[in-house]
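The next block holds one structure in the form of structure tokens; read it before the comments.
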Amino acid sequence: MNILITGGASGLGLATAEAVEKEGWRALAVDVRAPDQRFEHVTADLADRGEAERAVRELAERAGGLDGVVTAAGIDACGRLEDVPADDWERVIRVNLLGTASVVRAALPYLKHTRGTVVTCASTLGLRPLSDASAYSASKFGVVGFTRALATELRGEVGVTLLIPGGMRTGFFDGRPEQYKPGPEAGLNDPAHVAQSIVFALRQPAGCEVRELVVCPSTETSWP
């Protein structure tokens, strides 16, 4: 199977690409930077719809089609609304929400042909918001709504799974002020473990779908 993964150079995206390869499938990575691993990849800024669409088409044509898409790319801009520069705030929406839609839209012709599966990555903060995270929560609430609507729209044609992960031990928190980093008690998940849930969803046969998955540390503060 050919699985296209956004954010494939790091974090959950990289862990998913590695899990896909272990299954004997083919990982096709899209990221703003090239992955260190030797996955087939195309660099693209998902905030740019044209770049996102080009990356999907290029990888799909190179691989001879797509059987799955995992939208694991995501960014954040922490702070109170009036303190976060508007360009930074809006870029979170463009990458996390509009980038997800652009990738899925471009992939649909290939996925309909194979009756493949889309796995979108939201967040527990897409269900329960926190202060100083308005951009991220807005984008992930959007991914939740987008994915639920998409599942209805594509029923019988393409499988759709919504992944709602909690905190993970990735570089996502690097470079933040200390107040926005998880404390030692957070007990963050290994992204490799979360990636296994994505593989489980992708492994389902056509017509059998895992619609939603919440995967979080047992001590996750934003769930339930």
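Points worth noting:
- Summed over qualifying helices (DSSP H, 4 residues or more, each -39500 (n - 2.57)) and divided by its residue number, the chain shows a 222 nm mean residue ellipticity of -12000 deg cm²/dmol.
- The chain - percent of accessible surface contributed by carbon and sulfur, probe 1.4 Å: 50 percent
- Accessible surface computed residue by residue for the chain, with neighbouring protein chains in place and a 1.4 Å probe, gives 46 Å² per residue.
- Take 199-210, 152-163 and order them by the average number of nearby Cβ atoms within 10 Å per residue, most first; the result is 152-163, 199-210.
- Mean Kyte hydropathy of -1.0 or more with a Cα span along the axis of at least 20 Å, helices from DSSP in the chain: 99-114, 134-153
- Region 120-173-region 1-56 distance, computed between alpha-carbon centres (Å): 18 Å
- Percentage, to the nearest whole number, of Cα pairs in region 2-215 over 28 Å apart: 21 percent
- Here the Gaussian network model covers the chain, with springs between Cα atoms less than 10 Å apart; of Leu130, Leu46, Leu66, Leu130 fluctuates the most.
- Volume in Å³ per residue [convex hull over Cα atoms, computed for region 24-109]: 99 Å³
- A Förster radius of 22 Å, combined with the Cβ-Cβ distance separating Thr114 from Val214, puts the computed FRET efficiency at roughly 0.20.
The values are calculated or read from the model by the stated rules, or taken from the named source; none is laboratory data. Just so it is clear, the model here is predicted, and its values are computed rather than measured. Cβ sites come from the backbone with ideal geometry, for glycine too, and all protein chains shown count toward neighbours. For the accessible areas, the whole protein counts, side chains as well, though only heavy atoms, and no ligand, DNA or RNA atoms are used. Shrake-Rupley method; radii C 1.70, N 1.55, O 1.52, S 1.80 Å.
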